[in-house]
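Report on the structure given below.
What follows is calculated from the coordinates using simple rules that are stated; it is not laboratory data. In this text the structure is predicted, and so the values were computed from the model without any measurement. Cβ: placed from backbone, ideal geometry, glycine included. Neighbour counts: every protein chain shown.
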Ligand code: 3PG
């Protein structure tokens, strides 16, 4: 036991775990540290003191149910391995240990030696703002709805209407990739035409094409999508893996921003006593080069609560060796809660609404206009209800969904 030894953040990966156990917490922490580094369930003749001292994970503090463990940098792969190997160490077998009733990885900090192996976002929050020529106000987007069922032509028409209403961003939803009713090549080309048309009319817009697929195909698909005219791609990080995001973000064959969706994250993040919080997930996405990341709706919307929204804001935008990631507030968003989101996030955020645009009584273009007006009101510091008096699209949205 090395309880109380300070963690040398310069040469260790330092993790914080919330532990629920029937054992004395020191014993449970010891089991966790052993399992994830040099030990196992019993003493072993092959482990000598020098191996333990050099490679064994050390318990550096226990405060209540929070256990801090420092893993020596040498426990991590040199070149190959990457995030999959990191996760096998800091978030691997421990979740199944019988001695723990629950364990939640709350945070992980990585030393410079590991951080420098990752390039981070190619564009990041600042790069997206440059592409969209929107230096100050929040980016405002939509998710094409219904999430499945529209044809490529209908998808492209939706995107055009959203852009004509003023939105800066749109995207495929997480379950749409290459279904028969909407093949990815046809969709990407049709959407590219809409974006070109908007551009000719003086409005820059990005649409993220969902390229989530198997690891053996994702780079090729990203390259194909870019050649068909995709200006941004989207990857479902929890289902495809962090390595997929990294492969696409770092590839010289594909130089478009990567929008990162976190579908399935609730399986890890929702239980306050077991799983993985959004904070380490957001940190790893930034290391792997995601340019924009869904972080929930900061206390509002259908996915609110329990997913570490606020802490992942810091992980996206805080100081670090890598470019900042654009945090994406998404899930049950409508114009009536845009002010609340901006109050939490500040202006560096992409706010996007699917139902909150497509469900507008006046249709997609007016729904888009209402979202933009709500963001303008927040930018100007004017309550949405007041701004709506001179902006009928916003008024119609507030009449339908209310405001807080
Ligand atoms: C997302 O990708 O975040 C969701 O599909 C959002 O859809 P909604 O705005 O209709 O809730």
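Things worth noting here:
- Taking the longest Cα principal axis of the chain as reference, the axis of helix 184-200 is set at about 60 degrees.
- Distance between the pseudo-spin-label points of residue 54 and residue 181 (7 Å out from Cα toward the beta carbon): 6.0 nm.
- Rounded if a/c under 1.5, otherwise prolate or oblate - segment 9-115, Cα gyration tensor axes: oblate
- Residues 258, 51, 14, 245 arranged by fewest to most Cβ contacts within 10 Å: 51, 14, 245, 258
- Annotation: extensible slack from residue 65 through residue 264 equals 69.0 nm (criterion: 0.36 nm per residue apart, minus Cα-Cα distance).
- Cα extents for segment 141-248 along the principal axes, largest to smallest and rounded to whole angstrom: 38, 25, 21.
- Note on the chain: helix-only mean residue ellipticity at 222 nm, from DSSP H runs of 4+ residues weighted -39500 (n - 2.57) and normalised by residue number, equals -11500 deg cm²/dmol.
- The largest-to-smallest principal axis extents of the Cα set in the chain are 73, 44, 35 Å.
- Here the calculated FRET efficiency for residue 88 and residue 132, from their Cβ-Cβ distance with R0 = 41 Å, stands at 0.60, rounded to the nearest 0.05.
- For 234, 264, 371, order by how many other beta-carbon atoms lie within 10 Å, fewest first: 264, 234, 371
- When only alpha carbons are used to place a centre, segment 66-144 and segment 21-52 end up 25 Å from one another.
- Computed over the chain with a Gaussian network model linking Cα atoms closer than 10 Å, the most mobile of 124, 381, 314 is 381.
- Panel order for 21, 175, by other beta carbons found within 10 Å of each beta carbon, from fewest to most: 175, 21.
- Long-range tail of P(r) for segment 110-160 (Cα pairs > 14 Å, %): 69 percent
- Bridge type composition, the chain - antiparallel percent by DSSP, nearest 5: 40 percent
- Inter-centroid distance (Cα atoms) of segment 205-222 relative to segment 229-283, Å: 12 Å
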